[in-house]
Amino acid sequence: MKEMKLRLLLLVAAFVVAPAVYSAQYRASEVPNVQLVDGRRFVTNPDGILSGEAVERLDSICLSLRERGIAEVVVVALDDISPRDMVDFSQELFEGWGVGDDKLDNGLGILLVGD
């Protein structure tokens with residue numbers, strides 16, 4: 001049941017966005033985790049898919065959700081993960097990062113993948 005919930009949460013927001021200027025194919029283990037550098041950041045955007053304003057706003061929302069004990073949310077925007085399946089990639093990525101508290105089951109990983 002918990003695995004099913006995790007899969008559903010991982011699929012909550014998988015969008016196709018405009019291609020970025022720089023294109024890279026990522027493995028889950030290669031995606032930089034901004035939380036390791038700054039605990040007040042939640043958006044990983046190495047290809048610049050999201051605007052600076054969008055990143056700041058999302059970081060603010062995610063921080064507020066964490067501080068209020070509602071959820072631990074991270075957003076990852078990548079240009080390309082092919083040939084990987086989005087579900088498998090996101091599950092490997094967010095489980096590897098340990099998003100959320102296992103006891104509270106309050107983690108939400110959002111993966112945005114470009115064209």
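Computed from the coordinates by the stated procedures, all read-outs in this text should not be read as laboratory data. What you see is a predicted model, and the numbers here were worked out from it, not measured in a lab. Using ideal geometry, Cβ is built from the backbone for each residue, glycine included, and neighbour counts are taken over all protein chains shown.
Quick test for you: out of L93, L36, L50, pick the one residue that is closer than 24 Å to Q25 by Cβ and either more than 15 Å from the chain's Cα centre (by Cα) or surrounded by fewer than 12 Cβ atoms within 10 Å (Cβ to Cβ) (or both). Before you say what the answer is, go through the steps one by one.
Numbers: L93 fails: either more than 15 Å from the chain's Cα centre (by Cα) or surrounded by fewer than 12 Cβ atoms within 10 Å (Cβ to Cβ) (or both); L50 fails: either more than 15 Å from the chain's Cα centre (by Cα) or surrounded by fewer than 12 Cβ atoms within 10 Å (Cβ to Cβ) (or both).
When all the criteria are applied, what remains is L36.
Take region 62-73 and flag every residue that is out of contact with any Cys (no Cβ under 7 Å at 6 or more places or on another chain), surrounded by 13 or more Cβ atoms within 10 Å (Cβ to Cβ) and not small (G, A, S).
Narrowing region 62-73 to residues out of contact with any Cys (no Cβ under 7 Å at 6 or more places or on another chain): 62-72.
Then keep just the ones that are surrounded by 13 or more Cβ atoms within 10 Å (Cβ to Cβ); that gives 62-63, 65-66, 71-72.
Answer for region 62-73, where residues must be out of contact with any Cys (no Cβ under 7 Å at 6 or more places or on another chain), surrounded by 13 or more Cβ atoms within 10 Å (Cβ to Cβ) and not small (G, A, S): C62, L63, L65, R66, E72.
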Requested in this report: May I ask you to list pairs of residues, at least six apart or on different chains, whose Cβ atoms are under 9 Å apart, with the first in region 38-59 being at positive phi and the second being of a type outside the set (G, A, S) and surrounded by 14 or more Cβ atoms within 10 Å (Cβ to Cβ)?
Outcome: G48/D79
